[in-house]
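What follows draws every value from the coordinates through simple rules; no lab data is involved. Values in this document were obtained by computation on a predicted structure and should not be read as measured data. As a convention, Cβ positions derive from the backbone with ideal geometry for all residues, glycine included, and neighbour counts pool all protein chains shown.
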Amino acid sequence: MAPLNVEVIVGSVREGRIGRAVADWFVEEATANPSWNVSVIDLEELSLPQDFSDSLVTEDFRTRIGRADAVVAVTSEYNHGYPAALKTAFDSVKHEWRAKPIGFVSYGGISGGVRAVEQLRQVVAELHMVSVRQCVTIHRVRKQFGHQPFDVDSIAIDAREKMIRELHWWGSGLRTLRAGDPYPG
């Protein structure tokens, strides 16, 4: 079977963000899986238009999501919610999200971004995505990712491994279903 195409989306675009470091940490383990082909979409570099126009940037993003078998959203939590750039990314594409699994890697202060993830689960359900149960939460992110080498707690490491297994299971199964019987939604 061909490797799963997994897109990791870095959701924060704020100056001084730590999201890219968190995404790189996740990608390091994900790329160790020979049955995954992992790419990163950094929304800071992509600059999707706010008006959802059909630009070349939007079309490239749509194509990448269309080819993906699974998605991982790396999200911060701002004011008990998710970043606006991440919502713009979800709203910029429609049918390409459907019948695909998504996992979340969240980070923040004491909550680790769990409130952002709970809100995003509602958004992705409306897009006909399958949100895997396991998510990775990074509590006190600056303490764990503020210096090299990273000092990531064992709970986050264990959650990352579990989420990768769940995404692989869902991604493989849904890819097979989409190939044989297109999603009806």
Quick calc: nm separation of the 7 Å Cα→Cβ label points for Leu177 and Glu96 -> 2.2 nm
So, in nm, how far is label Lys87 from label Arg17 when the simple model puts each one 7 Å beyond its Cα toward the Cβ?
1.5 nm
Taking the Cβ of Arg175 as the center, what net charge do the other residues with Cβ under 9 Å away carry, scoring Lys and Arg +1 and Asp and Glu -1?
+1
Protection proxy ranking of 124-130, 101-107 - average other beta-carbon atoms within 10 Å, highest first:
101-107, 124-130
Once amide hydrogens are built 1.01 Å from N within the peptide plane, the residues lying 5 or more places from Trp36 or on another chain with amide H under 5 Å from its amide H are Leu4
A student applying the Cα gyration tensor rule (rounded when a/c is under 1.5; otherwise prolate if a/b is larger than b/c, oblate if not) would label the chain oblate
Most to least packed among 148-161, 2-15, 35-48 [average Cβ atoms within 10 Å]
2-15, 35-48, 148-161
One would report the antiparallel percent of DSSP beta bridges in the chain, rounded to the nearest 5, as 5 percent
Need one word for segment 1-104: rounded, prolate or oblate. Basis is the Cα gyration tensor (sqrt eigenvalues a ≥ b ≥ c); a/c below 1.5 gives rounded, then a/b vs b/c decides.
oblate
Pull out the extension gain between Arg165 and Arg140, defined as 0.36 nm times the separation in residues minus the alpha carbon to alpha carbon distance; nm, one decimal.
6.5 nm
Expressed in nm to one decimal, what extension gain is obtained for the pair Ser35 and His128 from 0.36 nm per residue of sequence separation less their Cα-Cα distance?
31.0 nm
Residue-by-residue Karplus 3J(HN,Hα) for segment 153-162, coefficients 6.51, -1.76, 1.60, Hz, glycine and proline x:
6, 5, 5, 5, 5, 5, 5, 4, 5, 5
Over what distance in Å are the Cα centres of segment 81-98 and segment 7-73 separated?
11 Å
